[in-house]
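Below is one structure, written out as structure tokens; comments come after it.
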Amino acid sequence: MAKNNTTGIDVSVPSVARMYDWLLGGIENYASDRQECEKLMQIAPGTMVLARNNREFLQRVVRVLAKDYGIRQFIDHGSGLPTQDNVHQIAQRIDSSSRVVYIDNDPSVLAHGHAALEENDRTVVIDADMRDTEAIFTHPEVRHLIDFTQPVAALFVSVLHCLPDRDRPRELVRDVAQRLAPGSFLVVCQLVSADAGVRERVTSLMDRATHGHWGRVREEGEVRAFFDGMEVLEPGLVDVTDWRPDDSVPPRPHSEEWVEWGGVAKL
């Protein structure tokens, strides 16, 4: 069993976070991660484009919420590995007092996150299961940084497809939304495809790669249900490539086989 000597991480088992890191051009990944990405791209060749479009969506969302809506508190569920221009970097460039909590339980994410954020006292990475909302909202470090009487942006970006239906992702999103102060925001997107074959093949591959620790590719209507009864910001629920694109940046191509689909709701 191959181990990373500094963290004890089994690098022979692919990690969703490290796979995403490779798709974004990062270096915090191993052969097992790259091999699964290559298999994934055989099913859906547009996967690398999709990952980069999704990352740019996250960056635009944080910038819009911080700059245009005055949000100064962010909770990023299933945050993944630190990359350039992460949530705290964007938010704190707009206002240095912005506070960010990253939630993850992937050992790779935690090891790199703790090192990267060691000297930032307004940002923390919490070792927690994103499904355990009660534990997150009562965690001492979360309570120290986040004032839940004030608006918060709760982010579920490209992560709910990691949860199978038995984990009730729709109820998870609603539970988080109900705990937030009025004027808060909910950001949700996940992998969707209109092609049943793509949904089945990708879900099967990822389920095998992660030894059953994955969810499934869904359809647009299922993601729309996450937002039932909420005020969705313009332009509504869309392929995230089309969510308030930056006029100063040439438009990226859309991925064809599947997309990240979702949007932003005000609570």
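The values are calculated or read from the model by the stated rules, or taken from the named source; none is laboratory data. Note that the structure is a prediction, hence the values are computed from the model and not measured. Because the Cβ atoms are built from the backbone with ideal geometry, glycine has one as well, and the counts that use them run over all protein chains shown.
Structure values in brief
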quantity	calculated
Single residue of the stretch 61-86 satisfying the filter (assigned to a helix (DSSP H, G or I) and either among the aliphatic types (A, V, I, L, M) or out of contact with any helix residue (DSSP H, G or I) (no Cβ under 9 Å at 6 or more places or on another chain) (or both)) that is farthest from Val11 (Cα to Cα)	Asp68
Among (1) hydrophobic (A, V, I, L, M, F, W, C); (2) part of a helix (DSSP H, G or I); (3) modelled with pLDDT of 95 or more - the single one Val264 does not satisfy	(2)
Among (1) among the charged types (D, E, K, R); (2) within 21 Å of Gly25 (Cβ to Cβ); (3) not in a strand (DSSP E or B) - the single one Arg93 does not satisfy	(2)
Total residues in the stretch 242-258, condition modelled with pLDDT of 95 or more and buried (at least 20 other Cβ atoms within 10 Å of the Cβ)	1
Qualifying positions in the stretch 198-222 - among the polar types (S, T, N, Q) and part of a loop (DSSP other than H, G, I, E, B)	Thr210
Some residue of the stretch 82-102 being surrounded by fewer than 24 Cβ atoms within 10 Å (Cβ to Cβ), of a type in the set (Lys, Arg), modelled with pLDDT of 95 or more and touching a Lys or Arg at 6+ places or on another chain (Cβ under 7 Å)	yes
Residue in the stretch 42-52 that is in contact (Cβ under 8 Å) with a residue 40 or more places away in the chain, part of a loop (DSSP other than H, G, I, E, B), over 30 Å from Pro140 (Cα atoms) and within 18 Å of the chain's Cα centre (by Cα) present	no
Options Arg55, Arg34; residue that is of a type in the set (Lys, Arg) and either under 19 Å from Gly197 (Cα atoms) or within 19 Å of the chain's Cα centre (by Cα) (or both)	Arg55
